[in-house]
Amino acid sequence: MKVANVVGARPNFVKIAPILRAMRADSFFQPLLVHTGQHYGQAMSDVFFDELEMPRPDINLSVGSGSHGRQTGEVMVRFEEVVLSARPDLVLVVGDVNSTLAAALVASKLHVPVAHVEAGLRSFDRTMPEEINRVLTDAISELLFLTERAAERNLLAEGIPAKRIFFVGNVMIDALLANRPRAAKSGILAGLALKEGRYAVLTLHRPSNVDEAGPLSRIVAALEVISAKMPIVFPAHPRTVKNLDAFGLSERLRRAGDVRILGPLGYLDFLHLVDCAGMVLTDSGGLQEETTFLGVPCVTLRENTERPVTVEEGTSTLVGSDTSKILAAAQKALSTGRRTARIPELWDGHASERIVAILKERFA
Ligand code: UD1
């Protein structure tokens, strides 16, 4: 069975690694790895392939950055040629980035079945580009693999037949469990002179937080207060760095208590940094899941989440970009401390094996 596995952005690399490993362990599968090039270069792309011990992509479409239309369109034009020449039996896409939707659209129009891993998540906020990508990808997927129960309700409400839906667990947690022992050897804490539990980790990249001065400056105001009490480690996304500079906020952050603005980190250093943090502040969906699994308090800088299990059972608190809400949640997170969170159902390190077993049964 020839499967074209498509990745484009950082979280995709993490999700595909355990799936690819499971496929490569069974000669029934002939997996092909296609990188769209949405994220590129050593820090945003290559380091993940090295650290997750993944083969280099068989094909790189090198689309690079661009507006939504341009990026999505370029992936479609280039991926169509790949599907026409490689003739896969299935196209497998993960997550909710532009590359996910573009590849799914191409495959479905060429009558190649699509499997979507991490299907059914809904923020019900259509101003988020990812929400559009999720709704549309799910509508044209043959097989939908789910990370949490809420996703099943969402898909059924949209009229997706139950026979296409499989609740399998979370492949990102497969990757976390497989790599946590190696991550524990990272020297990042020593390198930054950090003490376990005594620092916060920040990530920020959502357009709704970083593309306008208002929300970004409200977040910076909260960081000024928090960083007077504990170091904040901030591996910054290129988009965020650009906007902090453009809005004149970089200087304010540099003058604040102790904010360490770093470039993007590799998977292992970052996992260890989060694993040992006193608290995480983030607008990333994946990180809400990882902190839930690790029991690290997570102050989520968003008004909504497509991953409700991280709030209902996990460690995430939604606060948006309001300065006082961020400060109140951070205070609470630090006083509650790390806890043994309830680990969501089937987040057990075996989601990829379940996916691969279902594919084999379907296509054998
Ligand atoms: C993308 C995804 C987002 C995901 C995130 C994970 C979409 C719509 N967005 O957001 O869902 O959470 O990845 O990281 O698919 N850039 C670089 N180097 C790179 C990539 C990007 O410098 O390797 C800069 C460019 O200026 C680019 C900007 O970052 O214009 C945004 O990149 P893009 O891939 O469009 O979206 P992300 O914000 O990374």
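Points to keep in mind about this one:
- With contacts taken as Cα pairs under 8 Å and at least 6 residues apart, region 187-336 reaches a relative contact order of 25 percent.
- Gain in span if fully extended, residue 246 to residue 177, counting 0.36 nm per residue against the direct Cα distance: 21.0 nm
- Given R0 = 45 Å, the distance between the Cβ atoms of residue 208 and residue 164 translates into a calculated FRET efficiency of 0.90.
- Put in order of Cβ neighbour count within 10 Å, fewest first, the listed residues 67, 352 become 67, 352.
- For region 187-336, the Kirkwood estimate of hydrodynamic radius, built from reciprocal distances between every pair of different alpha carbons, is 15.1 Å.
- Entry note, the chain: the mean residue ellipticity at 222 nm calculated from DSSP H runs of n ≥ 4, each adding -39500 (n - 2.57), is -14000 deg cm²/dmol after division by the residues and rounding to the nearest 500.
- Zone of residue 358's modelled label, taken as backbone nitrogen in region 90-116 under 18 Å from a point 7 Å along Cα→Cβ: 90-96, 104, 113-116
- Distance from the C-alpha centroid of region 135-209 to that of region 1-17: 14 Å, rounded to the whole angstrom.
- Legend: ranking of residues 28, 49, 293 from fewest to most surrounding C-beta atoms inside 10 Å; resulting order 28, 49, 293.
- Considering only 174, 245, 138, the mean-square fluctuation computed in a Gaussian network model of the chain, springs between alpha carbons under 10 angstrom, is largest for 245.
- R0 of 22 Å, Cβ-Cβ distance residue 193-residue 254: FRET efficiency to nearest 0.05: 0.75
- For residue 24, net neighbour charge (Lys/Arg +1, Asp/Glu -1) across residues whose Cβ lies under 15 Å away: -1
- Pairwise FRET efficiency - residue 184 versus residue 77, Cβ, R0 = 51 Å, nearest 0.05: 0.75
- Order of 173, 188 under a 10 Å beta carbon neighbour criterion, fewest first: 188, 173
- Charge sum, other residues only, whose C-beta stays under 12 Å from residue 148's C-beta, Lys/Arg counted +1 and Asp/Glu -1: -3
- The Rg/Rh ratio for region 1-159 is 0.94, where Rg is the radius of gyration of the alpha carbons and Rh is the Kirkwood radius.
- Anisotropy class of the chain from Cα gyration tensor, a/c 1.5 cut: prolate
- Cα centroids of region 226-304 and region 25-74: 25 Å apart.
- Surrounding net charge for residue 179, when Lys and Arg each add one and Asp and Glu each subtract one, Cβ distance under 14 Å: -2
- Legend: residue pairs 163/185; 195/325; 109/360, Cα-Cα distance threshold 32 Å; pairs beyond threshold, 163/185.
Since every read-out is calculated from the coordinates, none of them should be taken as a lab result. Please read all numbers here as calculations on a predicted model, not as lab measurements. Please note: Cβ atoms are built from the backbone with ideal geometry, for glycine as well, and neighbour counts cover all protein chains shown.
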